[in-house]
1. Looking only at region 122-178, count how many residues are surrounded by fewer than 16 Cβ atoms within 10 Å (Cβ to Cβ) and polar (S, T, N, Q).
2. Pairs under 9 Å by beta carbon, first residue under 11 Å from ILE161 (Cβ atoms) in region 52-68, partner part of a helix (DSSP H, G or I) and β-branched (Val, Ile, Thr), six or more apart or different chains?
3. For region 149-167, name all the residues that are touching a Ser or Thr at 6+ places or on another chain (Cβ under 7 Å) and under 18 Å from SER79 (Cα atoms).
4. For the subset of region 57-115 comprising residues that are among the basic types (Lys, Arg) and outside any strand (DSSP E or B), which member is surrounded by the fewest Cβ atoms within 10 Å (Cβ to Cβ)?
5. Exactly one of (1) under 20 Å from LEU176 (Cα atoms); (2) of a type outside the set (Asp, Glu); (3) modelled with pLDDT of 90 or more is unmet by GLY40. Its number?
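The values are calculated or read from the model by the stated rules, or taken from the named source; none is laboratory data. Note that the structure is predicted; figures quoted are calculated from it, not measured. Positions of Cβ are generated from backbone atoms using ideal geometry, with glycine treated the same way; all protein chains shown enter the neighbour counts.
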Amino acid sequence: MQGDDGAGAAGSQLRTRSPEAGDGDRGNRLAQVVLPEHAGSRATTLAQKNDLQQAITDLQHDSLFALVGHSGPFVLSLSVQGRSLALDVRREDGTPVRAIGLALGPFRRIIKDYRLLIDAYDEALADSNAFRIQAIDMGRRGLHNEGAGMMIERLAGKVEIDFETARRLFTLVCLLQQ
């Protein structure tokens, strides 16, 4: 599911990088992404486990994560604490840089709808219904893009992220919320 592109959901604030982006942002990236130990067990299907691992791998290999006032690369620990998403940002040597809390309330509807579409998508795959798979996938991409856009908006002024990074972070938030 990580192969979706962000085309069509963007506004001028949704920054994307081309493969030729070069080393200009190499320091402003995530060197490592850490999730709570139980996060893997929340991914109940093989597809969800693959999405979880792919999102982490992609973030660690190709991300834009520019923390305002600091240079990276960074280690990002994500967790859900109560009704908030906690982002613990550290240097590669473990030195704390900044803790950011995001209220999950604004994401709840998108996460709920996204989860319903993921379940429907898994059912359609099991039924091998190509037309249903395609229709559900289009809706799923739209919600994923909406969640990514909201992630960019909610982090504005704290962290600059590009659209691909936002999509991968949204994937992790959805899996953490299960």
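1. Qualifying residue count, region 122-178: 4.
2. So the pair list comes out as LEU59/THR165; SER63/THR165; LEU64/THR165; PHE65/THR165.
3. Residue satisfying the conditions is THR165 alone.
4. ARG83
5. Going through the list (1) under 20 Å from LEU176 (Cα atoms); (2) of a type outside the set (Asp, Glu); (3) modelled with pLDDT of 90 or more, GLY40 breaks only (3).
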